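A.B. asks: Structure provided below as structure tokens; questions to follow.
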Amino acid sequence: MEPQESEFVDRMGLVMERLGGTRTMGRLHAWLMICDPPDRSLTDLAAELGVSKTAVSTVARQLEVSGMIERVPTAAREHRYRIIGGGWAQVMQVQLDGVRRSLETLDFGLSILGEGPPERRARVEDTREFFDFILRDSEEMLERWAEYRKKSS
């Protein structure tokens, strides 16, 4: 890995930390974005990133489940991984599923409050309204993103 590539990989590790992931997750994802050839084995990734093969395996599994990377079929028994286009949109969908579940919980909260004290309901309603806005706005944004991608392809 060249020094500037290493700096990019390290910076993306910090980005991923700020987004709630781990530094190794960000570093692995970043390296898979720029490495050539575009797929790497767990052994290669561990050596290139300077982390244990176990750590790479754990993080690769998490990124695979989240839809950001995929395992590449090989004739050998080794696991090889590469980036999946649109992975960040998939991550956003997973986050939006959490918002949907939060709305259900907030609706339950409102149902148990009934017509109770208005200030109690107002606090729950404020939060519910915010989550509902985020959900609708994000879904529209993802639709616009999909259209944008179609046009730019």
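The values are calculated or read from the model by the stated rules, or taken from the named source; none is laboratory data. This structure is a prediction, so every number in the text was calculated from the model and none was measured. In this analysis, Cβ positions are derived from the backbone assuming ideal geometry, glycine residues included, and neighbour counts consider all displayed protein chains. Areas reflect the complete protein model, heavy atoms only, side chains present, ligands, DNA and RNA absent. Shrake-Rupley method; radii C 1.70, N 1.55, O 1.52, S 1.80 Å.
A.B. asks: Out of contact with any Asp or Glu (no Cβ under 8 Å at 6 or more places or on another chain), over 20 Å from GLY20 (Cα atoms) and of a type in the set (D, E, K, R), is that true of GLU119? Talk me through it step by step, then tell me what you get.
C.D. replies: Details: out of contact with any Asp or Glu (no Cβ under 8 Å at 6 or more places or on another chain): yes; over 20 Å from GLY20 (Cα atoms): yes; of a type in the set (D, E, K, R): yes.
Answer is yes for this residue.
A.B. asks: Same structure, new question: If you check MET92 against the conditions, is it open to solvent by 40 Å² or more (accessible area, probe 1.4 Å) and assigned to a helix (DSSP H, G or I)?
C.D. replies: Yes, satisfied.
A.B. asks: Residues in the stretch 26-50 that are hydrophobic (A, V, I, L, M, F, W, C), open to solvent by 40 Å² or more (accessible area, probe 1.4 Å) and in contact (Cβ under 8 Å) with a residue 24 or more places away in the chain: how many?
C.D. replies: The number of residues fulfilling the criteria is 2.
A.B. asks: Same structure, new question: In the stretch 62-72, is there at least one residue being modelled with pLDDT under 90 and not in a helix (DSSP H, G or I)?
C.D. replies: Checking the stretch 62-72: at least one residue is modelled with pLDDT under 90 and not in a helix (DSSP H, G or I).
A.B. asks: All but one of (1) without any contact (Cβ under 8 Å) to a residue 12 or more places away in the chain; (2) under 30 Å from ASP137 (Cα atoms); (3) open to solvent by less than 40 Å² (accessible area, probe 1.4 Å) hold for MET68, so report the exception by its number.
C.D. replies: Tallying (1) without any contact (Cβ under 8 Å) to a residue 12 or more places away in the chain; (2) under 30 Å from ASP137 (Cα atoms); (3) open to solvent by less than 40 Å² (accessible area, probe 1.4 Å), MET68 fails exactly one: (1).
A.B. asks: Check whether at least one residue in the stretch 14-25 is loosely packed, with under 15 Cβ neighbours inside 10 Å, modelled with pLDDT under 95 and not in a helix (DSSP H, G or I), and report yes or no.
C.D. replies: Yes.
A.B. asks: Does the stretch 97-117 contain at least one residue that is touching a residue at least 60 places away in the same chain (Cβ under 8 Å) and part of a helix (DSSP H, G or I)? Working first, answer last.
C.D. replies: Applying the first criterion (touching a residue at least 60 places away in the same chain (Cβ under 8 Å)) to the stretch 97-117 yields none.
No; the residues of the stretch 97-117 include none that is touching a residue at least 60 places away in the same chain (Cβ under 8 Å) and part of a helix (DSSP H, G or I).
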